[in-house]
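The values are calculated or read from the model by the stated rules, or taken from the named source; none is laboratory data. Not measured: the values here are computed from a predicted model. Note that we place each Cβ from the backbone using ideal geometry, even for glycine, and neighbour counts take in every protein chain shown.
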Ligand SMILES: Cc1cc2nc3c(=O)[nH]c(=O)nc-3n(C[C@H](O)[C@H](O)[C@H](O)COP(=O)(O)O)c2cc1C
């Protein structure tokens, strides 16, 4: 896909075909993540790739809106340091946002759907993933081929109008 088409085609996909993602495509998504920018290039992230069905089921119990993880072809767990420092956490989360979008756009480019899932039960997620004590699972990105409809550019996305979102030069013109 062209980049512009990929940006317009990406959407949260939560139902997936029962088809594995080829290893080289999964590697590309991980490489897309690795190449993401981060504050001071600190790259304070780790990724745990889960493809075993039973583990995906267990992981999906970490959040009430994570059921799509159970039926995904693969889920990438985004792991960050378990810091209590607000500045460090803020930076990590900004970095993870960019990393997530890199994965999602690279996936859409390959016709692979992706869906965020938050993590509510940190203890469960850490146990299922076998994380060390100084790490936490910030977010899950579920992946799989869309079972609802293919990824195609969306002409009218469910978004606030551009004129409402964008302020030109100053918040209020002429003020
Ligand atoms: C920080 C963040 C957390 C999210 N958590 C969940 C989640 O736990 N479960 C879920 O189904 N979707 C989750 N989403 C997906 C959003 O609901 C979705 O991106 C939004 O409704 C816009 O839809 P779209 O991605 O299809 O454009 C999350 C998205 C973000 C950015």
Within segment 1-41, residues being part of a helix (DSSP H, G or I) and either touching a strand residue (DSSP E or B) at 6+ places or on another chain (Cβ under 9 Å) or at pLDDT below 95 (or both) number 5
Quick one: would you say residue 27 is over 14 Å from the mean Cα position of the chain (by Cα) and free of Cβ contacts under 8 Å to residues at least 60 places away in the same chain? yes
Quick one: in segment 119-154, which of the residues that are in a strand (DSSP E or B) and out of contact with any helix residue (DSSP H, G or I) (no Cβ under 8 Å at 6 or more places or on another chain) is surrounded by the most Cβ atoms within 10 Å (Cβ to Cβ)? 144
Filtering segment 68-97 down to residues that are free of Cβ contacts under 8 Å to residues at least 12 places away in the same chain and within 13 Å of the ligand (Cβ to nearest atom) yields 97
Among (1) surrounded by fewer than 18 Cβ atoms within 10 Å (Cβ to Cβ); (2) in contact (Cβ under 8 Å) with a residue 24 or more places away in the chain, which single condition is residue 52 missing? (2)
Taking segment 128-167, which residues are touching a strand residue (DSSP E or B) at 6+ places or on another chain (Cβ under 6 Å) and within 12 Å of the ligand (Cβ to nearest atom)? 138, 139, 140, 141, 142, 146
Take the residues in segment 57-67 that are over 15 Å from residue 123 (Cα atoms) and surrounded by fewer than 22 Cβ atoms within 10 Å (Cβ to Cβ), then tell me which one is nearest to the ligand (Cβ to nearest atom). 65
